[in-house]
Amino acid sequence: MDSERVDQIIEEYQCEASALIQILLRIQEEAHWLSSNALHRVSERLGVSMTRIMHIATFYKAFSLVPKGRHEVHICVGTACHVRGAERVLDSVEDATGLKPGETDLDLKFSLETVNCVGCCALGPVMQVDKKTYGKLSAADTVNLLQSYE
């Protein structure tokens, strides 16, 4: 993300240091990660130390300091999903993408993560792609869903 776009996002929040987390979330949403250049620009424009920014960026799981795929895949492995076959869903995603949890493919198409709960226990097993939730999945459903994102 270029400095001009980072500046636009900061200006949407009136250059208020109190909006730091919201600004970082917007940058993350658009760029799919927080680059060093973007973080330094935020620091400079808001007058917030890089130490504080890095503390926040590394504390919250919502932020990534490495590039993420255009499509973020989250597999729920919480208790309700686990007993309903989350492991099979995860295996099918791993087979289809070649990724393990925590990885991003070289084309920056998919990033795969596991989560402990997405709050849809009655729909288990659950997968989220780009914040869209899919429930009661079979392994075959999972592969078909991922192909629709290609």
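The values are calculated or read from the model by the stated rules, or taken from the named source; none is laboratory data. Keep in mind the model is a prediction, meaning the values are calculated, not measured. Note that each Cβ is placed from the backbone with ideal geometry, even for glycine, and that neighbours are counted across all protein chains shown.
Here is how the numbers come out for the structure above:
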| read-out | value |
| --- | --- |
| Top-ranked residue of segment 5-29 - restricted to ones that are crowded, with 17+ Cβ neighbours inside 10 Å and not hydrophobic (A, V, I, L, M, F, W, C), ranked as farthest from GLU103 (Cα to Cα) | ARG26 |
| Hits in segment 60-88 - residues which are of a type in the set (A, V, I, L, M, F, W, C) and under 30 Å from GLY135 (Cβ atoms) | ALA62, PHE63, VAL66, VAL73, ILE75, CYS76, VAL77, ALA80, CYS81, VAL83, ALA86 |
| Any chance GLY78 is within 21 Å of the chain's Cα centre (by Cα) and in the same structural domain as ASP95 (by TED's automatic domain parsing) | yes |
| Selection count where residues are on the phi > 0 side of the Ramachandran plot and buried (at least 16 other Cβ atoms within 10 Å of the Cβ), scope segment 81-117 | 1 |
| Residues located in segment 30-48, provided they are in a loop (DSSP other than H, G, I, E, B) and surrounded by 14 or more Cβ atoms within 10 Å (Cβ to Cβ) | HIS32, TRP33, LEU34, SER35, VAL48 |
| Single match in LEU46, LEU90, LEU99, LEU146 (criterion: more than 14 Å from the chain's Cα centre (by Cα) and modelled with pLDDT under 95) | LEU146 |
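Yes/no matrix, rows are residues, columns are (1) free of Cβ contacts under 8 Å to residues at least 60 places away in the same chain; (2) more than 16 Å from the chain's Cα centre (by Cα); (3) over 13 Å from HIS71 (Cα atoms); (4) in the same structural domain as ALA80 (by TED's automatic domain parsing):
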| position | (1), (2), (3), (4) |
| --- | --- |
| GLU103 | yes, no, no, yes |
| VAL115 | yes, no, yes, yes |
| GLY119 | yes, yes, yes, yes |
| ALA122 | yes, yes, yes, yes |
| VAL129 | yes, no, no, yes |
| LYS136 | yes, yes, yes, yes |
| ALA140 | yes, yes, yes, yes |
